[in-house]
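Below is one structure, written out as structure tokens; comments come after it.
The values are calculated or read from the model by the stated rules, or taken from the named source; none is laboratory data. None of these values were measured; they are calculated from a predicted model. With ideal geometry, Cβ positions are generated from the backbone for all residues, glycine too; neighbour counts draw on all protein chains shown.
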Amino acid sequence: MIDDETIAFIMADRLTHKNIESNPYASYLFKESGEGYNGKRPYLKKIKEETDKALIESYMKRDKSKNVNLFLVYFHVEKVLPLIGD
């Protein structure tokens, strides 16, 4: 998380990134550990993206893939709802 209203994801040049190019809205499911449906569902709107490889690699924990185009995509958090269910 960048701040309380902004979150960023590293995305490869695949279907999810293509979808965000044509529709800037997305949702994400964040499930907390434990029993039941504990977690949040943030609703997001794309605000910008970066292609700076050094910046993207500074956020990566795993091996840095040199053969894949990566994007650092920033989203504004429009709203956050709790997970519900049995």
Worksheet entry | Boolean, ILE10 is more than 19 Å from LEU83 (Cα to Cα) and touching a His at 6+ places or on another chain (Cβ under 6 Å) | no
Response to the item:
Across (1) over 16 Å from MET11 (Cβ atoms); (2) touching a residue at least 60 places away in the same chain (Cβ under 8 Å), LEU70 clears everything bar (1)
Fill in: Identity of the residue in the range 22-48, over 15 Å from VAL80 (Cα atoms), exposed (fewer than 13 other Cβ atoms within 10 Å of the Cβ) and at pLDDT 90 or above, that ends up farthest from the chain's Cα centre (by Cα)
SER22
Worksheet item: Among the residues of the range 51-61, is any surrounded by 12 or more Cβ atoms within 10 Å (Cβ to Cβ), at pLDDT 90 or above and within 26 Å of LEU83 (Cβ to Cβ)?
Response: no
Response to the item:
Scanning the range 1-47 for residues that are charged (D, E, K, R) and in contact (Cβ under 8 Å) with a residue 60 or more places away in the chain, the one nearest to TYR74 (Cα to Cα) turns out to be GLU5
